[in-house]
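Visitor: Here it is, the structure in full.
We did not get these values from a lab; they are worked out from the coordinates using the rules stated. Since we're looking at a predicted model, the values are computed, not measured. Cβ atoms come from the backbone with ideal geometry, glycine included; neighbour counts cover every protein chain shown.
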Amino acid sequence: MSTLLESYAAGRWFRAAAEGDPLLDAATGEEVARISSRGLDIGAMVAHARTVGGPALRALTFHQRAAALKALAKHLMAGKDEFYALSVRTGATTRDTAVDVDGGIGTLFSFAGKGTRELPNDTIVIDGAVERLGKAGTFVGQHVFTSRPGVAVQINAFNFPVWGMLEKLAPAFLAGLPTIVKPASQTAYLTELVVRRIIESGLLPEGSLQLITGSAGSLLDELTEQDSVAFTGSAHTAGILRRHPNVLDGGVRLGVEADSLNCSILGPDVRADDPEFDLFVKGVVTEMTVKAGQKCTAIRRVIVPSTIADQVVGALADRLSKITVGDPRNPDVRMGALASLGQRDEVRKAVEALRAGSEIVVGDPAGQPLLDGDAERGAFFTPLLLRATPGATEPHNVEPFGPVSTVLTYDGLDEAVALAARGKGSLVASVATHDPAVARTVVLGLAPWHGRVLLLDRDDAKESTGHGSPLPMLVHGGPGRAGGGEELGGVRAVLGHMQRTAIQASPDLLTAVTGRWTTGASQRTEDVHPFRKSLAELRIGDTIRSGGRTVGLADIEHFAEFTGDTFYAHTDAEAAARNPLFGGIVAHGYLVVSLAAGLFVEPSPGPVLANYGVDNLRFLTPVKVDDTIAVTLTVKEIKPRDSADYGEVRWDAVVTNQEDQPVATYDVLTLVAKTWPAEG
Ligand code: NDP
């Protein structure tokens, strides 16, 4: 008998005291493994996540969590061969497995990079600017994101046993939430293997990842207000989850990615000999055949101008006829099997439903012929293209989760957009066009109905990642029928797992909470210039107030001549007098900033290594001839880098004139050594 899959629960591997249900190889029908979760203590898993995994994760900063994800990605990449070997049993070809395995690991890498670059080395995220809530500036507001003390449950579909887990794990992990994964039973053996390798690696804190193989049992009953469920699968199961009392009334957050009748539109500008025509046809065939069409983003509806429909069908038929179908172990096979015989039955049923309003133009629902493989025991289904009769409703309602698409025709762009919308909300739409006006009109029409829109033309085709690939940096999810959820999208996904709270406080207390100096908070001026202090010595609120500097006409003329910036407001008194904002010669903004640097700098070698930029620069009051400016520089934020012997210091800079009016405000960004004199 084959192995019984295990769950990873509360710090140990759990084997059910049951025979388990058999999971069959998609292509050969042989038993791969058995599955059961009978006897699994799901309550203990949720408690373990809350009391062990969550606290361990939240003790790490975003950068430390990102580093763990990066190490994990490298570890999995190094050992991916065994995932490939097992993945073939799901019916996947090597190309399909790359989407799942490399795609999943790539998502880990991407989130690790985003976590390091776009999140602070802290456990709290500051959201937006400080809001001044009173005239005197003693009462201010600031939005912050904090980690929830809950559990991120993921319930996944059978089609992406690796990517499905990793794309949900990465953002939850970065957000400080422990994850419990419930993969779809059909392909859970691959998820189990990957989780086994993750746990063995010891790279993630204990309790931050647990696995349920088999039925989800009482999982939703165990969840409360701080917990979330991210579901990918059928609309039917989504409906069951939506109606669960803990979701309806118990405050459990549910994100759904369910059925999606994605479309690809051929623009009305495209002729058969344009490059976009070929790109369109190739795109449709790719989406029909990768993963044997078992992709939530696959193109189900092919929407083309009626005038060119015959040519499109001909070109699709031509390409589809070259797709070899069979056992994915055979390297000449282009398209493998569906995940199970049950899935094949479902696809056949869907095709029957579609036939009510469409005729088959390519393919045979019996799934013949095969290049290789046992047509009875293997869940093979050859690509099938239908053409809808005008007004057919089925293509907008029936999702054949296999290599099946339907061609629909339109006359006029409005009809194309209306047809797309009849899918009632989808994950992705693509449009092949090279016409800027078509691009704008169609995107405005499609965007409210889609989470992602791809505009495909001769210019982006070479680098395009294609219609069907969700990318870690772009949102994945769609409105309406597609579930209304949103995943990925870089840091958006991390923040989506966190709680945003508006903090109202005095500047000093807000500074204490956020670790970022807030205007109005205490400032400390000492004898030592802050540029003489190492990162270890600097404190938030350390301040230098410069002496004054009068800006004479000669300064302005010199700067104009020296830099070549001879804009009339700095050089032509008569013309400048007519400028409604200035009424006379004013200093260049960059002269003001340069002079300010001269006022605050401490020139000798010291711990400040470099000035790497300026943020949020605003010129507020013009500096006129003979105005006297001064600058106040305050340490706003100190961010040591884990992997370097220096860190970033953000300084709040305010330049004022002799009347104490703010002339310019900005943040100065510097790199400062952790110790000084440098050790060693
Ligand atoms: P299901 O909705 O049946 O299953 C998805 C996940 O939900 C699986 O992990 C499943 O576990 C789990 N599940 C099922 N019932 C419950 C429940 N009552 N409580 C908690 N979890 C539950 O979808 P499938 O993966 O079987 O796919 C079926 C169809 O869904 C496809 O043919 C396709 O039409 C559609 N689908 C759509 C996708 C999309 O994003 N557009 C993606 C994948 C599928 P178990 O496997 O153990 O039953």
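Visitor: Find the Cα radius of gyration of the stretch 540-680, compare it with 2.2 N^0.38 Å by division, and give the number to two decimals. Don't jump to the answer; show the numbers that get you there.
Guide: Values: Rg = 17.3 Å, N = 141, 2.2 N^0.38 = 14.4 Å.
Relative to the rule-of-thumb radius for its length, the stretch 540-680 sits at 1.20.
Visitor: Now for a different question. Can you tell me how the stretch 1-96 classifies by the Cα gyration tensor, rounded, prolate or oblate, using a/c under 1.5 as the rounded cut?
Guide: Details: a/c = 3.59, a/b = 1.28, b/c = 2.80.
Because a/c hits 1.5 or more and a/b fails to exceed b/c, the stretch 1-96 counts as oblate.
Visitor: To check my understanding: the extent here is largest minus smallest coordinate of the Cα atoms along each principal axis. What are those three numbers for the stretch 167-252, in Å, largest first?
Guide: Cα extents, longest axis first: 39, 29, 21 Å.
Visitor: Now for a separate question. In cubic angstrom, how much convex hull volume per residue do the alpha carbon atoms of the stretch 223-368 span?
Guide: Working: hull volume 25.3 nm³, N = 146.
Cα convex hull per residue, to the nearest whole number: 174 Å³.
Visitor: Could you give the angle, 0 to 90 degrees to the nearest 10, between helix 163-174's Cα long axis and the longest principal axis of the Cα atoms of the chain?
Guide: 30 degrees
Visitor: Scale the Cα Rg of the stretch 416-531 by the rule-of-thumb value 2.2 N^0.38 Å and send over the ratio, two decimals. Could you put the intermediate results ahead of the total?
Guide: Working: Rg = 22.8 Å, N = 116, 2.2 N^0.38 = 13.4 Å.
The stretch 416-531 yields a ratio of 1.70.
Visitor: Same structure, new question: What lysines could a cross-link reach from Lys114, if we take a straight Cα to Cα line under 28 Å and drop same-chain neighbours fewer than 8 places away?
Guide: Straight-line reach from Lys114, under 28 Å: Lys70, Lys74, Lys80, Lys168, Lys182, Lys295, Lys462, Lys636, Lys639, Lys674.
Visitor: Output ³J(HN,Hα) for the stretch 603-615: one whole-Hz value per residue in order, computed from phi by the Karplus curve 6.51 cos²θ - 1.76 cosθ + 1.60 with θ = phi - 60°, and x for Gly and Pro.
Guide: Working through the residues one at a time gives x, 6, x, x, x, 6, 8, 6, 9, 9, x, 9, 10 Hz.
Visitor: Right, another one. Please tell me the relative contact order of the chain in percent, rounded to the nearest whole number, where contacts are Cα pairs under 8 Å and at least six residues apart.
Guide: So the answer I get is 12 percent.
Visitor: A further question follows. Given the C-alpha centroids of the stretch 565-597 and the stretch 226-257, what is the distance between them in whole angstrom?
Guide: A separation of 60 Å, based on Cα centres.
Visitor: Same structure again: Can you tell me the alpha carbon radius of gyration of the chain divided by the globular rule-of-thumb value 2.2 N^0.38 Å? Walk me through the intermediate numbers first.
Guide: On the way: Rg = 30.3 Å, N = 680, 2.2 N^0.38 = 26.2 Å.
Ratio of Rg to 2.2 N^0.38 Å for the chain: 1.16.
Visitor: Same structure again: Going by a ≥ b ≥ c, the root eigenvalues of the Cα gyration tensor, does the stretch 31-157 fall in the rounded group (a/c under 1.5), the prolate group (a/b larger than b/c) or the oblate group?
Guide: Numbers: a/c = 3.00, a/b = 1.83, b/c = 1.64.
Here the stretch 31-157 falls in the prolate category.
Visitor: Using only the alpha carbon atoms of the stretch 459-608, find the Kirkwood hydrodynamic radius as the inverse mean reciprocal pair distance, in angstroms to one decimal.
Guide: Values: mean 1/r = 0.0460 Å⁻¹.
The Cα-based Kirkwood calculation yields 21.7 Å.
Visitor: Among the aspartates and glutamates, which have Cα under 16 Å from the Cα of Lys533 when same-chain residues fewer than 8 positions away are ignored?
Guide: Here the aspartates and glutamates satisfying the reach criterion relative to Lys533 are Asp542, Glu602, Glu637, Asp645, Glu648, Glu679.
Visitor: Still on this structure: Average the reciprocal distances over every distinct pair of alpha-carbons in the stretch 475-519, invert the result, and give the Kirkwood radius in Å. List each step's numbers first, then the result.
Guide: Numbers: mean 1/r = 0.0762 Å⁻¹.
Answer for the stretch 475-519: a Kirkwood hydrodynamic radius of 13.1 Å.
Visitor: Then there is this: Specify the angular offset, from 0 to 90 degrees and rounded to the nearest 10, of the alpha carbon long axis of helix 188-201 from the longest principal axis of the alpha carbons in the chain.
Guide: Helix 188-201 sits roughly 40 degrees off the main axis of the chain.
Visitor: Would you please give the FRET efficiency between Leu609 and Thr525, computed as 1/(1 + (r/R0)^6) with r the Cβ-Cβ distance and R0 = 25 Å, to the nearest 0.05?
Guide: Numbers: r = 23 Å, r/R0 = 0.93.
The pair Leu609/Thr525 has a calculated efficiency of 0.60.
Visitor: Same structure again: As a test of the formula, what do you get for the chain when each DSSP H run with n ≥ 4 contributes -39,500 (n - 2.57) and the sum is divided by the residue count, at 222 nm and rounded to the nearest 500 deg cm²/dmol?
Guide: After summing the helix terms and dividing by the residues of the chain, the value is -8500 deg cm²/dmol.
Visitor: Next question. Just the number, please: percent antiparallel of the DSSP beta bridges in the chain, rounded to the nearest 5. Mind showing how you got there, number by number?
Guide: On the way: 62 of 103 bridges.
Bridges in the chain that DSSP calls antiparallel: roughly 60 percent.
Visitor: Based on the mean of other Cβ atoms within 10 Å per residue, sort peptides 602-609, 539-546, 651-658 so the most packed one is first. Kindly include the intermediate steps, with their values, before the conclusion.
Guide: Working: 602-609: 14.6, 539-546: 18.0, 651-658: 20.9.
Ranked by mean Cβ neighbours within 10 Å, highest first: 651-658, 539-546, 602-609.
Visitor: What do you get for the angle between helix 309-320 and the principal long axis of the chain? Use alpha-carbon atoms, 0 to 90 degrees, nearest ten.
Guide: Helix 309-320 and the main axis of the chain meet at about 80 degrees.
Visitor: May I ask for the Kirkwood hydrodynamic radius of the stretch 216-261, worked out over all distinct Cα pairs and given in angstroms to one decimal? Before the final figure, lay out each step's value.
Guide: Working: mean 1/r = 0.0930 Å⁻¹.
With all distinct Cα pairs of the stretch 216-261 included, I get 10.8 Å.
Visitor: Quick one: of the DSSP bridges fully inside the stretch 86-216, what percent are antiparallel, nearest 5? Intermediate values should be presented prior to the final figure.
Guide: Numbers: 5 of 12 bridges.
Of the beta bridges lying entirely in the stretch 86-216, close to 40 percent run antiparallel.
Visitor: Once you have a ≥ b ≥ c as the square roots of the Cα gyration tensor eigenvalues for the stretch 87-204, tell me rounded if a/c is under 1.5, and otherwise prolate or oblate according to whether a/b is larger than b/c.
Guide: Details: a/c = 3.10, a/b = 2.74, b/c = 1.13.
Taking the square roots of the gyration eigenvalues as a ≥ b ≥ c, the stretch 87-204 is prolate.
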